[in-house]
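Working notes, structure below.
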Number of protein chains: 4
Amino acid sequence: MPVTTQVRVRYAETDQMGIVYYANYLVWFELGRVELLRSLGLAYSQLETDHQCILPVVDAHCRYRSPARYDDEVLIETWPALLRGSVIKFAYRILRKARGGEQHELLAEGETVHVVCDDRLDRKSLPARYEAALRTLMAGEPGESGRKTHSRTTASAKPS
Amino acid sequence: MPVTTQVRVRYAETDQMGIVYYANYLVWFELGRVELLRSLGLAYSQLETDHQCILPVVDAHCRYRSPARYDDEVLIETWPALLRGSVIKFAYRILRKARGGEQHELLAEGETVHVVCDDRLDRKSLPARYEAALRTLMAGEPGESGRKTHSRTTASAKPS
Amino acid sequence: MPVTTQVRVRYAETDQMGIVYYANYLVWFELGRVELLRSLGLAYSQLETDHQCILPVVDAHCRYRSPARYDDEVLIETWPALLRGSVIKFAYRILRKARGGEQHELLAEGETVHVVCDDRLDRKSLPARYEAALRTLMAGEPGESGRKTHSRTTASAKPS
Amino acid sequence: MPVTTQVRVRYAETDQMGIVYYANYLVWFELGRVELLRSLGLAYSQLETDHQCILPVVDAHCRYRSPARYDDEVLIETWPALLRGSVIKFAYRILRKARGGEQHELLAEGETVHVVCDDRLDRKSLPARYEAALRTLMAGEPGESGRKTHSRTTASAKPS
């Protein structure tokens with residue numbers, strides 16, 4: 001069950017090809033996973049400050065389908081794809097928001113894998129409350145995830 | 001046969017975890033492939049201006065082994081891993097440069113896949129001169145690639 | 001009469017000082033002036049595509065008052081400060097959004113000066129419709145600027 | 001007496017105008033001041049780790065003269081312009097390196113003002129060794145500044 005957040009492409013994110021520079025999709029992935037946590041009533045910032053947890057990335061993969069362009073409204077769909085011990089995998093779909101009655105257009109898909117660590121980069125467990133919330137989302141139950149600034153994906157934009 | 005280029009980690013590239021933000025490794029990959037072309041006597045900029053070719057990325061993958069930190073001297077090893085029709089795959093290894101007699105430390109590995117396109121993002125062939133130079137490098141022959149600002153990898157830093 | 005837009009601080013925008021890297025305020029200025037144009041019913045993207053106008057920056061100045069931090073909700077207030085021939089000056093205030101009944105906190109102030117150019121970077125005039133809209137905003141008249149995604153600044157956040 | 005460092009424009013630093021995005025000049029300023037310290041035998045990283053000093057920016061100003069473009073070799077000239085109590089001002093000139101016998105071309109000029117702080121952002125003094133080195137450079141005496149990876153500016157590129 002993905003959580004969707006929306007951004008508008010910034011001029012700074014384009015390059016001289018006239019399209020979004022490819023590294024910036026990883027920045028959007030980050031926004032997606034932060035908003036996924038927020039939709040569960042959790043703040044990534046509190047994970048760092050209150051629980052001394054950081055989530056460094058050990059693997060990032062992006063498949064680019066169609067280029068995003070300046071000023072596009074982009075939807076970032078994020079869902080937890082795996083949770084095992086200290087390892088979390090998030091999956092993402094980046095879509096160009098339809099302007100009229102069209103379907104959203106798939107721009108990119110990808111995954112990131114994270115290891116829960118303390119501030120010395122030693123492995124630790126995800127706090128129980130975070131794990132429970134992610135598992136609820138993975139099971140497809142609504143939980144607390146339908147908060148006001150987020151919307152579930154519609155039929156036209158569901159992950160394959 | 002990898003081509004090696006070197007960068008120093010910029011303050012702007014760090015994040016509040018105190019390590020390099022993960023999207024920036026894709027920027028280093030880009031520097032690596034541009035320097036690979038330059039080591040062959042080719043300029044990516046001329047590919048765009050003289051041949052109306054761009055090389056948009058269709059797939060990027062990075063496996064993070066150990067975090068790069070501010071002011072580290074980082075080696076970017078790049079080699080062409082595949083060349084088939086309009087498709088080029090580059091592979092990369094990111095290493096922290098040894099300070100003394102130690103071995104370089106592996107920080108990340110990855111690949112990017114590109115499709116040669118014209119400026120309307122339609123597929124086209126790589127100019128013959130570029131293809132020949134890449135094939136020479138893939139065959140492990142020295143060719144023109146041992147130019148002064150580049151060095152071949154040493155035994156301590158060779159790709160697996 | 002400023003136009004206000006809102007962003008949330010991204011992890012990518014922080015540095016190892018634990019605060020937002022200073023160059024990113026100039027990215028926020030850009031978002032502010034784009035949203036100012038949008039609030040007038042104008043799109044910067046159309047200025048480029050339909051009118052062959054670009055607005056390169058000739059001067060940028062930022063005074064940093066208090067650091068923005070990860071996950072802060074930041075308000076960007078933008079107003080046109082000068083419009084003379086091909087020269088446009090925008091002024092900005094960056095504020096941390098108050099969480100409760102407090103006042104917004106001033107984080108930075110600045111200005112950018114732009115010269116209207118064609119795609120060969122030769123000076124040209126701003127299209128009449130854009131100039132009229134900016135002049136209306138400078139005169140403090142409501143015009144079309146109170147569109148739904150924007151809000152005028154409140155007393156607690158007005159420019160000095 | 002400026003200290004000069006050199007960078008090559010990255011693809012990531014361009015935008016769809018085909019020129020370097022304006023915020024990136026502030027990143028180059030940062031590289032310039034770090035290399036200035038390094039040329040004095042000082043490391044900004046040690047300032048943070050050994051002396052618990054950070055140098056947040058309170059003012060940044062850049063005047064853009066001519067656009068930098070992809071793959072340009074850019075020279076960053078940096079010199080300390082003022083040192084008073086906890087306040088340090090650096091000045092910068094950004095130049096496009098001449099390809100043949102021509103003069104370097106001025107691309108931008110600017111200044112940044114910093115306040116020496118501890119990690120809680122309270123003011124403190126610059127360590128004596130750093131202050132002495134900067135004062136030596138300001139007085140125009142050679143000191144330790146002519147180290148191997150740096151070159152003094154030549155007549156064609158001296159600050160006005």
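The values are calculated or read from the model by the stated rules, or taken from the named source; none is laboratory data. What you see is a predicted model, and the numbers here were worked out from it, not measured in a lab. Backbone-built Cβ (ideal geometry, glycine too); neighbour counts: all protein chains shown.
Out of curiosity, is A:R69 within 14 Å of chain B (Cβ to nearest Cβ), more than 25 Å from C:R33 (Cα to Cα) and among the charged types (D, E, K, R)? Don't jump to the end; show me each part of the working.
On the way: within 14 Å of chain B (Cβ to nearest Cβ): yes; more than 25 Å from C:R33 (Cα to Cα): no; among the charged types (D, E, K, R): yes.
Answer is no for this residue.
Out of curiosity, is C:G101 small (G, A, S), out of contact with any strand residue (DSSP E or B) (no Cβ under 8 Å at 6 or more places or on another chain), on the phi > 0 side of the Ramachandran plot and modelled with pLDDT under 95?
On the way: small (G, A, S): yes; out of contact with any strand residue (DSSP E or B) (no Cβ under 8 Å at 6 or more places or on another chain): yes; on the phi > 0 side of the Ramachandran plot: no; modelled with pLDDT under 95: yes.
Criteria not met by C:G101.
Within the range D:30-46, restricting attention to residues that are surrounded by fewer than 19 Cβ atoms within 10 Å (Cβ to Cβ) and either within 14 Å of chain B (Cβ to nearest Cβ) or among the aliphatic types (A, V, I, L, M) (or both), the residue that is farthest from the chain's Cα centre (by Cα) is D:Q46. Any chance the range D:103-116 includes a residue that's under 30 Å from B:L31 (Cα atoms), of a type in the set (V, I, T) and crowded, with 21+ Cβ neighbours inside 10 Å? Within the range D:103-116, one or more residues are under 30 Å from B:L31 (Cα atoms), of a type in the set (V, I, T) and crowded, with 21+ Cβ neighbours inside 10 Å. What pairs come out if I take residues in the range C:15-30 that are in contact (Cβ under 8 Å) with a residue 12 or more places away in the chain and pair them with residues that are among the polar types (S, T, N, Q) and surrounded by fewer than 24 Cβ atoms within 10 Å (Cβ to Cβ) whose C-beta lies under 7 Å away, six or more apart or interchain? Pairs found: C:G18/B:Q16; C:V20/C:T14. Is it true that some residue in the range C:83-91 is closer than 30 Å to D:L106 by Cα, within 11 Å of another protein chain (Cβ to nearest Cβ), buried (at least 22 other Cβ atoms within 10 Å of the Cβ) and at pLDDT 95 or above? Among the residues of the range C:83-91, not one is closer than 30 Å to D:L106 by Cα, within 11 Å of another protein chain (Cβ to nearest Cβ), buried (at least 22 other Cβ atoms within 10 Å of the Cβ) and at pLDDT 95 or above, which makes the answer no.
Residue by residue, here is whether (1) over 19 Å from C:D59 (Cβ atoms); (2) without any contact (Cβ under 8 Å) to a residue 40 or more places away in the chain holds:
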| position | (1), (2) |
| --- | --- |
| D:R65 | no, no |
| D:Y70 | yes, no |
| D:W79 | yes, no |
| D:R99 | yes, yes |
